[in-house]
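Derivation of every value follows stated rules applied to the coordinates shown; laboratory data play no part. What you see is a predicted model, and the numbers here were worked out from it, not measured in a lab. Glycine gets a Cβ as well: all are built from the backbone with ideal geometry, and neighbour counts include every protein chain shown.
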Amino acid sequence: MFSKQIIIGSRGSDLALWQANFVKDKLAQAGYDCVIKIIKTQGDKIQHLSFDKMEGKGFFTKELEDALLNESIDLAVHSHKDLPTISPENLCIAAVSEREDPADILLINKNALDTRQAWNLKKNACVGTSSIRRKTQLFAFRNDLQLQDLRGNVPTRIQKLREGKYDAIMLAAAGVARLQFNLDEFHVEKLDPRQFVPAPAQGVLALQIRESDKALADVLKVIHEPEVAQKIDIERKVLNLFDGGCQLPLGVYCEKGFNVEDIPVYRVWVSKANPTDKAPIFSYYEKETAEHLAEDIVSHIHSVQPCRVFISRILFPGQLLHSSLSSQGFEVNGVSLISFKVIPIKSLPESDWIFFSSKHAVDNFFKQNPALTNQKIGAIGKSTADAIRKFGKRAEFIGQSTDTKIIGRQFASRAGNGKVLFPIAKGSMRSVQNQFVKKDQVIDLPVYETIEHNDIALPQADILIFTSPSNVNAFFKNHLVTAQQKVIAMGGATEAELRKHGIRKCTLPNSFDDIGILQAVYKIATH
């Protein structure tokens, strides 16, 4: 039994003290006596510089580590994301906590809301953050935003937002949850960590001790979470191999899940930029074992080679796909090989749901100003949901797969016995509708017709991205895919159409949106 009083070192902010008291209470429940000692760090003292302008690494941790080494404390409690990846000699991480929500959040003043924009944040909004990781991702998603440095503890940052110095600020969801702030006066937009990638180990506490304190290490086993440690070890190993600290524009997030064969895998999302880049590389990886996974990720990112990319849709500067690829030196061009003819809506059938399987269906439906009542709305994916938002509506169901059959089954289950209206293209393949057992639930409403164009001059490209079966057909009327070109297909229907034209090898994105396309491009654009 460890009988000595345990001195816990902590920074003095509300969040740091919450974390220290969390550990103290856990140890007290196990019968151990603890006391908290407050220590001020360089990061607390210097408030006028953004993180990327502060020299060195560990500016929220060094003084705590010094206190461990001179034995004025026994245990230091850190936000794991603040720690350098290599502990000082004679110190070690003896335990890690359970993981709080790893996501980043946007806290938005309600007068800056615009439901037609991504994240419900108005155009040209002023956003406060001093994290270069967040800045590069914000630029990639929304290059209209005005990014301003923001320092101080969490209550100080929120007060600056309240005073109107910013339209929105970025915070870690974990800190807000732990401090239990009442945020009713703001709009809270939580960002998916699989898209807006958090810092390695975000949401996890690290318990650091002297290596020689074996008895204390045994005590801390009551707090340690081995599965969390396994996942964040991968995240922090990637950080270590890039030789980075808090100021490196790197996001890494790891989950354990299942692949398409239902085999357990590690799933890792990465956002990586250089300090001079405006927008990052977005990558996704799967592997059945953690062994060498971090090394494989870093090796792959180092091997990314800028090239020429063509996508079969109109592409505008400032969009995520363009921002990320052009920032990394890619030449990217977008040309649609199809156009659309509106089919007028004569009457709107009654339904409980309206389901959209493409952005084109959204545009050609809502631009006719149909008289909606209180129907719920479903979308095949995030990009389609974003298109719906531009018309002031929100999707209550958003598909999370690139397999339309899976999405169809999931949506059919969600819709229950309700009637579903499907605004579609004339001659649609009806992949989602075919998953409904009760066929009388489904109401098809053609709202546009696709017209293929085969006389469009196309730019030279090393990677071809096909966004629909119609674009595939239009392309092959006058063009061929060479052996040197690599192909990306947006979904199973587009892949099937490519196979009809002899293309046996193509890459499918992990999701039906620009992030999925970027991950696919960076996967195959290598030396």
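Couple of notes before you dig in:
- Scaling the Cα radius of gyration of region 430-484 by the globular reference 2.2 N^0.38 Å produces a ratio of 1.65.
- Spread over its residues, the convex hull of the C-alpha atoms of region 217-315 is 161 Å³ per residue.
- Neighbour-count ranking [beta-carbon atoms within 10 angstrom, fewest first] of Trp18, Trp269: Trp18, Trp269
- Taking a straight Cα-Cα cut-off under 20 Å and skipping sequence neighbours fewer than 8 places away in the same chain, the lysines within cross-link reach of Lys37 are Lys4, Lys24, Lys26, Lys45, Lys62.
- Each Cα pair under 8 Å and six or more residues apart adds its sequence gap; the mean of these over the residue count of region 372-527 is a relative contact order of 20 percent.
- Beyond 20 Å, the tail of the calculated P(r) for region 104-190 holds 25 percent of the Cα pairs.
- Here is how the number arises for the chain: DSSP H runs of 4 or more residues each give -39500 (n - 2.57), the sum is divided by the residue count, and the result at 222 nm is -8000 deg cm²/dmol.
- Computed lengthening from His302 to Lys390, 0.36 nm per intervening residue step minus Cα-Cα distance: 28.0 nm
- Ranked by the mean number of other Cβ atoms within 10 Å per residue, highest first, peptides 177-189, 100-112 order as 100-112, 177-189.
- Value of Rg/Rh across region 277-322 [Cα atoms, Kirkwood radius]: 1.07
- The chain - share of DSSP beta bridges that are antiparallel (%, nearest 5): 50
- Förster-model FRET efficiency, 51 Å R0, Val188 and His527, C-beta, rounded to 0.05: 0.75
- Normalised alpha carbon radius of gyration of region 400-527 [divisor 2.2 N^0.38 Å]: 1.20
- R0 of 25 Å, Cβ-Cβ distance Ile38-Thr156: FRET efficiency to nearest 0.05: 0.90
- Cross-link table Lys346/Lys367; Lys231/Lys382; Lys231/Lys287, entries beyond 22 Å C-alpha to C-alpha: Lys231/Lys382
- Along the axis of the charge dipole computed for region 104-190 (Cβ charges of +1 for Lys and Arg, -1 for Asp and Glu, origin at the Cα centre), the listed residues Leu106, Gln146, Ile132 are led at the positive end by Ile132.
- Pairwise FRET efficiency - Asn274 versus Thr482, Cβ, R0 = 35 Å, nearest 0.05: 0.65
- Just so you know, the Rg over Rh for the chain is 1.01, from Cα atoms, with Rh as the Kirkwood radius.
- Taking Cα centre as origin and charging only the Cβ of basic (Lys, Arg, +1) and acidic (Asp, Glu, -1) residues, the dipole magnitude of the chain rounds to 1620 debye.
- Projection of the Cα convex hull of region 347-459, averaged over all directions and equal to a quarter of that hull's surface, yields 8.1 nm².
- Partner aspartates and glutamates whose Cα lies under 18 Å from the Cα of Lys438, excluding those fewer than 8 positions away in the same chain, are identified as Glu350, Asp352.
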